[in-house]
Amino acid sequence: MAKRKTSKPANLPVEVDMVSDFVCPWCWLGYKQFLEAADKTKPRPNLSFRPYMLDASVPEEGADYREYMKHKFGDKPDSRWKAMRDHLEAAGPDAGIAFDFKAITRRPNTLNAHRLMRWAQGQDLGPACAEKLFRAYMENGEDIGSADVLCRIASEIGMDAELTRDLLTGDQDKVDVQNEILFFRGLGVSGVPTFIYAGQMAVQGAQDADKHRAVLAEAAKLDPRAE
């Protein structure tokens, strides 16, 4: 991903790609931390959401969450998973998040959620869509693979719910989303969230706002047209 560094034209916002999945709690926390930095950066960076599927093998209709986690971690919860949940639940309130993992009953396939995000971004509704998707799953325990849930979210952010339902019943953009996932994997993205700044610098994981501010300051010096 390394490119030749050249001076960036003044007063152009940094372009940032956030590669994430909507069932990833670290992605929501990382997004909130990025926003804290972005809100104090001038000009404010432009953020684009890019798709990633933590587990593309989940059936299209989703899976029972307990059975899925049992298959993944065994009969007894993995101590690392418990420690991660405890950390997230402790860190969430400062970021405006009330994680409720006990509310989750389904592990969705997130391809359709990424399709909805693709359409939302086309209408400049990406941030609103992301917030609704993350919150629906990780605070409310909703199945974000469900067409009913996705259409309701579409309506809540100002999209046409009826058109969204029609699109979800077809294959519109499925291949494009899957190819975009493969593209970022090809760049070396193997975990999320991954933030890519100006196409030239990357930060992985939920990092604090100071980290994002420092990288944004460096990225602001780069010319996105550099090869």
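Where a number appears in this text, it was derived from the coordinates with a stated rule and is not lab data. Remember, it's a predicted structure, so these values are computed and weren't measured experimentally. Glycine also receives a Cβ, built like all others from the backbone with ideal geometry; neighbour counts cover every protein chain displayed.
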So for R0 = 25 Å, FRET eff. of residue 165-residue 12 from the Cβ-Cβ r, to 0.05, ends up at 0.05
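Looking at the range 34-81, which trypsin sites (Lys or Arg not before Pro) are in a loop (DSSP not H, G, I, E or B) and have at most 14 other Cβ atoms within 10 Å?
Filter output for the range 34-81: 40.
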Let me know the charge dipole size of the chain about its Cα centre in debye, to the nearest 20, where only the beta-carbon of Lys, Arg (+1) and Asp, Glu (-1) is charged. 900
The chain: relative contact order in percent, alpha carbon pairs under 8 Å with at least 6 residues between: 36
Of the residues 163, 125, 116, which exhibits the maximal mean-square fluctuation in a Gaussian network model of the chain defined by a 10 Å Cα contact cut-off? 163
So what J values fall out for the range 174-183 if you push phi through Karplus, 6.51 cos²θ - 1.76 cosθ + 1.60 with θ = phi - 60°, rounded to Hz, Gly and Pro as x? 4, 5, 4, 5, 5, 5, 5, 4, 5, 4
Could you work out the pair-distance distribution P(r) of the chain from its alpha-carbon pairs, with 10 angstrom bin width and percents rounded to whole numbers? 8, 31, 36, 20, 5, 0
Here the gain from full extension of residue 56 to residue 221, 0.36 nm per residue of separation minus their alpha-carbon distance, amounts to 55.7 nm
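Which of the chymotrypsin sites (Phe, Trp or Tyr not before Pro) found in the range 106-195 are loop residues per DSSP with 11 or fewer other Cβ atoms within 10 Å of their Cβ?
The qualifying sites: there are none.
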Of 126, 65, 16, which is farthest towards the positive pole of the range 6-135's charge dipole, taken about the Cα centre with +1 and -1 on the beta-carbons of Lys, Arg and Asp, Glu respectively? 16
Counted charge near residue 17, where neighbours are those whose Cβ lies closer than 12 Å (Asp, Glu -1; Lys, Arg +1): -1
Give the calculated FRET efficiency between residue 73 and residue 172 to the nearest 0.05, with a Förster radius of 22 Å applied to their Cβ-Cβ distance. 0.05
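Rounded to the nearest 20 debye, what is the charge dipole size of the range 68-201 about its Cα centre when +1 sits on each Lys and Arg Cβ and -1 on each Asp and Glu Cβ?
Computed about the Cα centre, the dipole is about 660 debye.
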Too-long pairs where the Cα-Cα distance tops 19 Å, listed order kept, from 32/70; 102/174; 32/211; 70/102; 32/221: 32/70; 102/174; 32/221
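For the range 52-116, state the average projected area of the convex hull of the C-alpha atoms over all orientations, rounded to one decimal in nm².
5.3
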P(r), alpha carbons of the range 164-206 - 10 Å bins starting at zero, rounded %: 24, 39, 24, 13
Orphan Cys of the chain, criterion: no other Cys C-beta under 4.7 Å: 129, 151
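Please identify every one of the GluC sites (Glu not before Pro) in the range 5-106 that sits in a loop by DSSP and has no more than 12 other beta carbons within 10 Å of its own beta carbon.
Details: sites: 15, 36, 60, 61, 67, 89; in loops: 60, 61.
Qualifying residues, ordered by number: 60, 61.
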